[in-house]
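Input: a single structure, listed below in structure tokens.
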Amino acid sequence: MSRAAPATSAKTASGQGGFEAQFRRSASGTMTGLAALARLFSDPDSFDHMLFATRTRRTVINLALQGGGAHGAFTWGVLDRLLEDGRLDFEGLSGSSAGAMNAVMLAEGLRRGGRDGARELLSTFWTRIAASVPIGFAVPMDDGSGVALAPTARLMLHWAQFVSPYQFNPLNLNPLRDLLADLVDFECLRRTKTPRLFVAATRAETGGLRLFRNHELDVPPLLASACLPNLQHAVEIDGDAYWDGAFAANPAIFPLFYECASRDTLLVLLSPSKLGPAPRTVQGIRERTMELAFTAPLMRELHMFSRARAFAAASLWRFGRLDRRIMQSRFHLIDAHASMGEFAAETKLAPHMSFLVRLYELGVEQAQTWLALHGDKIGKQSSLDLSALLERS
């Protein structure tokens, strides 16, 4: 399937048996190498992932996909180029909000029709997202460089500051609900072992993170992962209310570290690590608070990992399972901000098709550049200087 311009038509908590529990076992030093081997062969999922990492002829990586509303179309372009290139297979997919949507479409497309199926489903998803937006909600710029919200859309968002979504949307209408049910066979997806999915949602009562894995996936977890509380009703699952996963993890990195065999993780980031001078306008301050809320969890997680790696490197005794994993982990980055910095924050809410196509094209270009510069480093060394990234944050 050659790449062409996209069509313009229209209850298991994350702490149970997951990476949190593995961290406690590893940190306590009670899990010996023999015990780890025994657990590997007694755990079908772990054994399947070991086989997946060794049997493929392609290099296996994990993907960490950041959320960002309509800007997630950039990630669509990145994924399309990686799929077209054909050198990489994907083991773990972690995402929040739009990142979770891209991850699930990638996994479902691979399950249904391989790489071509994944490319087709991603294109269908974003095309139908654009088609679901009311006519006139967003308008393209005259110079073709971007998109702007229409006056009526701006007025609606202004009202949303003072009126609850339970008042202005009492029926809880959400076009994503029917779209996801139509595009994804969740019953089949729940039975898949690879790629291993980690969809983040935030517990509205505590701010805690819940990760929904393959066997838990359905429409509600994805709606929860993309639930902006000022615009949508909280999503209730197993008696708990959930908001956008980006409040707690955007995206979650540690499940890829603890639950996947691949040591390479590619971060696809839509938000800049450094946001510039402090704003002084009401609108600028409002936008900055949301940007900070959605970027801080990832930066904290990467800071923690960087400090753990420095501690392991300085240790005279590096034979623990956790130390080895930390030292062997490799990070890579495709950063959207280099090519999308001029787009206003409000465009995240403006999925006009011409704008999505522009973002897609930017994603393809960035992925092509990354493959040319760093594709041969996968499986060998990091192409991202994690310390330098964190110094900018």
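Quick rundown of the values:
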{"item": "Qualifying residue in segment 71-78 (condition: of a type outside the set (S, T, N, Q), surrounded by fewer than 21 Cβ atoms within 10 Å (Cβ to Cβ) and modelled with pLDDT of 95 or more)", "result": "no"}
{"item": "Breaking point among (1) buried (at least 20 other Cβ atoms within 10 Å of the Cβ); (2) at pLDDT 85 or above; (3) not small (Gly, Ala, Ser), for PHE305", "result": "(1)"}
{"item": "Some residue of segment 109-123 being over 30 Å from LEU209 (Cα atoms), in contact with a Ser or Thr (Cβ under 7 Å, 6 or more places away or on another chain) and not small (Gly, Ala, Ser)", "result": "no"}
{"item": "Selection within segment 262-291 - among the charged types (D, E, K, R), assigned to a helix (DSSP H, G or I) and more than 30 Å from ARG81 (Cα to Cα)", "result": "ARG286, GLU287, ARG288"}
{"item": "Residue ID - farthest from ARG177 (Cα to Cα), chosen from residues in segment 216-255 that are under 12 Å from the mean Cα position of the chain (by Cα) and hydrophobic (A, V, I, L, M, F, W, C)", "result": "ILE253"}
{"item": "Qualifying residue in segment 90-109 (condition: in contact with a His (Cβ under 8 Å, 6 or more places away or on another chain) and not in a helix (DSSP H, G or I))", "result": "yes"}
{"item": "Helices (runs of 4 or more DSSP H) lying entirely in segment 301-393 (those with 3 or more residues that are among the aliphatic types (A, V, I, L, M))", "result": "321-328, 353-374, 386-392"}
{"item": "Unique match (being in contact with a strand residue (DSSP E or B) (Cβ under 6 Å, 6 or more places away or on another chain) and either at pLDDT below 95 or surrounded by fewer than 24 Cβ atoms within 10 Å (Cβ to Cβ) (or both)) among ARG39, ARG81, ARG58", "result": "ARG58"}
{"item": "Contacts under 9 angstrom Cβ, first residue in segment 232-244 being closer than 15 Å to VAL199 by Cβ, partner hydroxyl-bearing (Ser, Thr, Tyr) and not in a loop (DSSP other than H, G, I, E, B), 6 or more apart", "result": "VAL235/SER225; VAL235/TYR242; TYR242/THR202; TYR242/SER225; TRP243/THR202; ASP244/SER96; ASP244/THR202; ASP244/SER225"}
{"item": "Residues of segment 187-230 satisfying the condition of being assigned to a helix (DSSP H, G or I), crowded, with 19+ Cβ neighbours inside 10 Å and of a type in the set (A, V, I, L, M, F, W, C)", "result": "LEU222, LEU223, ALA224"}
{"item": "Complete set of residues in segment 264-309 that are touching a strand residue (DSSP E or B) at 6+ places or on another chain (Cβ under 7 Å) and not hydrophobic (A, V, I, L, M, F, W, C)", "result": "ASP264, THR265"}
{"item": "Subset of segment 153-167 [surrounded by 12 or more Cβ atoms within 10 Å (Cβ to Cβ), in a helix (DSSP H, G or I) and at pLDDT 85 or above]", "result": "PRO165"}
{"item": "Neighbours by Cβ (under 9 Å, 6+ apart or cross-chain): first from segment 209-226, under 15 Å from ASN174 (Cα atoms); second among the polar types (S, T, N, Q) and not in a loop (DSSP other than H, G, I, E, B)", "result": "ALA224/THR202; SER225/SER96; SER225/THR202; ALA226/SER96"}
{"item": "Residue check, ALA350 in contact with a strand residue (DSSP E or B) (Cβ under 7 Å, 6 or more places away or on another chain) and closer than 26 Å to ASP244 by Cβ", "result": "yes"}
{"item": "Residue among THR289, THR295, THR281, THR265 that alone is within 19 Å of LEU197 (Cβ to Cβ) and of a type in the set (Ser, Thr, Tyr)", "result": "THR265"}
{"item": "When residues of segment 122-140 are limited to those that are in a loop (DSSP other than H, G, I, E, B) and surrounded by 12 or more Cβ atoms within 10 Å (Cβ to Cβ), the one modelled with the lowest pLDDT", "result": "PHE137"}
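The values are calculated or read from the model by the stated rules, or taken from the named source; none is laboratory data. In this text the structure is predicted, and so the values were computed from the model without any measurement. Note that we place each Cβ from the backbone using ideal geometry, even for glycine, and neighbour counts take in every protein chain shown.
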